[in-house]
Amino acid sequence: MVTTLRLFTVAVVLAGLLAGASARAAEEATSSDSAEALAKKTQNPVADLISVPFQSNFNFNTGPNERMVYVLNVQPVIPIRLTDDWNLITRVITPIIDQPSVAPGIDNASGLGDINPSLFLSPAKSEHLIWGVGPTFTFPTASNRLLGSGKWSMGPTGVALLSQGPWVVGALANNQWSYAGWGKKSVNQFLVQPFLNYNFSKGWYLTSAPIITADWTADQKWTVPVGGGVGKLWRVGKVGLPINTQIQAFYNAERPDFASDWSLRVQVQFLFPK
């Protein structure tokens, strides 16, 4: 199942980036201004836009056995209008993991990882400087002990970004602490994802959104990727369904021993504008 999803996700992204004839025809019927505006919304984690991203992460040379660990993150984003002035943005990250034996004595494991929902309270009428704050949680839903922490965790999360001209620049951050569960190791983990996007006409854009993490309980705390890639917003079919595709590559300039040294992120994002 994991292998099928992996191949499906990559195939859809590559097809999008190579531009099938039907996608081009639909795009030509849409103004480049609206394509750029919608592409900028996909780069805003608290946009008033329903989206369902399928994000494939290929983590290469992991562990002493130097194996590739694959993680498919299904992370729907659903905004809820609370009042005319405030939105509640919900995002739930559900990881599906294929982890081979990364070290001697460690078994293969495939299945569901720990689910991570987040809530962001965000002003509804912000245009250039946009922000959102709220709680984030991790539930110990992993189908195998090797795929999760075995801990219930929670903490604060927040995002801030500036959208000006072709630029969308900002960062998302959180820190979580465990408070219950059967896992032996306590969780105290920090995450920050800076993002830098430059948008061109017709939905094309350059992007860099590395996920930097710190495990405060470990001796080697930091994982710091460096890299980026390219993305494209398409309108597909007779109704012009918007689909955002992107591919990014990262080198882990700072990492714990036996962590992957580089990774590839391939994403397909289905959009449902209101």
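Laboratory data are not the source of any read-out in this text; all were calculated from the coordinates shown. It should be emphasised that the depicted structure is a prediction, and the values quoted were computed from it without experimental measurement. Note that we place each Cβ from the backbone using ideal geometry, even for glycine, and neighbour counts take in every protein chain shown.
Once the Kirkwood radius over Cα pairs is known for segment 2-272, the Stokes-Einstein relation at 10 °C and 1.306 mPa s delivers a diffusion coefficient of 82 µm²/s.
Would you mind ranking 205, 198, 70 by Cβ crowding within 10 Å, fewest neighbours first? Present the calculation step by step, with values, prior to reporting the outcome.
Working: 205 22, 198 14, 70 19.
Placing the least packed residue first, the sequence is 198, 70, 205.
Our note on the geometry: Cα centres of segment 182-215 and segment 150-164, 11 Å apart.
Residue pairs exceeding 21 angstrom between C-alpha atoms, taken from 40/221; 151/221; 125/202; 125/238: 40/221; 125/202; 125/238. Taking other residues whose beta carbon is less than 13 angstrom from the beta carbon of residue 88, and scoring Lys, Arg as +1 and Asp, Glu as -1, yields 0. Our coupling estimate for segment 166-174, obtained by passing each phi through the Karplus curve with A = 6.51, B = -1.76, C = 1.60 and θ = phi - 60°, is x, 9, 10, 10, x, 7, 10, 9, 7 Hz, Gly and Pro reported as x.
Can you give the helix-only mean residue ellipticity at 222 nm for the chain, where every DSSP H stretch with n ≥ 4 adds -39500 (n - 2.57) and the sum goes over all residues, rounded to the nearest 500 deg cm²/dmol? Numbers along the way, then the final one.
Details: 3 runs with 36 residues, N = 274.
After summing the helix terms and dividing by residue count, I get -4000 deg cm²/dmol.
The ranking of 114, 261 from fewest to most other beta carbons within 10 Å of each one's beta carbon is 261, 114.
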